[in-house]
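Below is one structure, written out as structure tokens; comments come after it.
The values are calculated or read from the model by the stated rules, or taken from the named source; none is laboratory data. Everything numeric in this text was worked out from a predicted model, so none of it was measured. Here the Cβ positions follow ideal geometry from the backbone for every residue, glycine too, while neighbour counts run over all protein chains shown. Accessible surface areas use protein heavy atoms only, side chains included; no ligands, DNA or RNA. Shrake-Rupley method; radii C 1.70, N 1.55, O 1.52, S 1.80 Å.
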Amino acid sequence: MKLLVTGGAGFIGSNFVRYILKKYPSYRIVNLDKLTYAGNRGNISDLNANPRHEFIRGDIADRTTVDEAMAKVDAAVNFAAETHVDRSIASATAFIKTNISGTHTLLESARKHRLSRFVHISTDEVYGSIPRGSFTEKSGLNPSSPYSSSKAGADLIARSYFITHKVPVIITRSSNNFGPFQYPEKVIPLFVINALEDKPLPLYGNGLNVRDWLYVLDNCEAIDKVLHKGKDGEIYNIGGSTHLSNVELTKKILEMLGKSSKLIKKVDDRPAHDFRYAVNCTKIANDLGWRPRAIFDEALAATITWYEINKPWWKKIINNNYREYYRKQYGRA
Ligand code: NAD
Ligand code: TDX
């Protein structure tokens with residue numbers, strides 16, 4: 001199979017590209033990535049000499065680039081997106097352009113090139129917050145941030161291309177991922193790095209907001225199953241089944257690193273901060289036989305070790321974005 005992976009120089013995309021090339025020795029990947037602040041060639045430097053991996057620097061909203069890439073492949077997985085909620089609150093423009101227009105451009109091209117499969121990577125955030133229980137794939141969309149709204153818009157357009165144009169679209173909605181190569185603006189890498197450097201950990205609001213943590217390689221396995229065995233037009237939730245409040249998560253990180261909880265600094269809350277995300281994963285378990293394998297504490301410890309070992313990777317990112325990191329380090333207050 002020849003596969004187009006968009007956003008394959010980002011966190012989940014780079015883990016997925018590596019996972020697929022290793023698992024399927026005959027597969028070829030065309031990796032299309034704009035290399036925004038979040039994309040990093042260093043995330044895929046081990047693939048530089050791999051003849052089965054072709055990297056193209058380009059924008060998913062650019063029709064010519066997309067058509068050229070799409071002409072080379074049989075199927076596509078779309079990871080490319082603007083992904084940080086806080087940035088979408090500061091300015092939503094890039095989110096609308098990439099997440100909505102970019103997805104539309106890809107769908108048009110997939111239609112033209114008659115792709116055999118188009119997996120669109122969405123998020124549990126499109127369902128909005130749920131105080132208890134969990135959302136199924138039939139639940140309505142109720143996003144609250146410009147990020148999640150742009151992802152919900154993309155989901156609806158993707159679904160419409162299946163219904164109207166019979167483009168073989170499948171959507172995945174996963175919970176919060178963590179693991180190697182995650183850009184250190186997201187809570188786990190940010191807090192691990194700050195703790196390693198004995199800097200404050202800016203915990204938003206009362207710290208009681210709950211997220212369901214999914215190890216990135218479990219997500220890669222789920223997407224692999226969806227790509228090969230999923231049914232056209234379907235949506236699959238993917239969750240880690242590890243629900244933790246932010247304060248519980250923060251204390252775990254500090255404990256694993258042997259650091260004091262005095263490093264926790266409560267700061268102003270994120271505007272419209274969703275309280276709790278939770279997805280019901282019965283469908284992917286029953287239909288595709290997927291369940292998360294990782295044991296959370298072990299996967300978190302392995303992730304912490306990865307950041308300890310790969311200091312030059314995150315030091316370079318921080319040095320290139322010094323002002324931003326200074327602001328994050330001291331929080332919003
Ligand atoms: P990321 O921010 O680490 O990486 C995004 C990648 O997309 C980067 O390499 C970036 O350069 C690229 N990109 C951005 N705009 C582009 C454009 N216009 N054209 C081409 N490339 C572009 O993101 P991530 O955390 O790896 O998330 C990947 C996908 O998974 C996203 O669609 C996100 O919404 C979804 N998702 C993420 C999580 C999570 O916890 N990280 C959870 C659920 C869903
Ligand atoms: O400095 C921080 N302090 C803090 O308390 C940061 C960055 C976050 N938080 C809190 C906010 C959230 O409740 O931690 C929780 C997780 O925050 P993020 O890492 O920013 O993730 P979240 O907003 O939950 O969204 C993530 O999961 C779903 C990804 O960024 C999305 O791309 C994905 O769709």
Hey, can you tell me all the residues within segment 273-284 that are surrounded by 15 or more Cβ atoms within 10 Å (Cβ to Cβ) and either outside any loop (DSSP other than H, G, I, E, B) or among the hydroxyl-bearing types (Ser, Thr, Tyr) (or both)?
276, 277, 279, 283, 284
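With 227, 217, 288, 257 as the choices, which residue is out of contact with any strand residue (DSSP E or B) (no Cβ under 9 Å at 6 or more places or on another chain), closer than 30 Å to residue 21 by Cα and not charged (D, E, K, R)?
Matching residue, one of 227, 217, 288, 257: 217.
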Considering each of 108, 137, 82 in turn, give the residue that is within 12 Å of ligand 1 (Cβ to nearest atom) and open to solvent by 10 Å² or more (accessible area, probe 1.4 Å).
82
Within segment 222-272, how many residues turn out to be part of a loop (DSSP other than H, G, I, E, B) and open to solvent by 20 Å² or more (accessible area, probe 1.4 Å)?
13
With the structure loaded, tell me whether residue 17 is part of a helix (DSSP H, G or I), among the hydrophobic types (A, V, I, L, M, F, W, C) and more than 9 Å from ligand 1 (Cβ to nearest atom) or whether it fails that test.
yes
Can you find even one residue in segment 201-208 that is open to solvent by less than 20 Å² (accessible area, probe 1.4 Å), aromatic (Phe, Trp, Tyr), within 28 Å of residue 43 (Cβ to Cβ) and not assigned by TED's automatic domain parsing to the domain that holds residue 134?
no
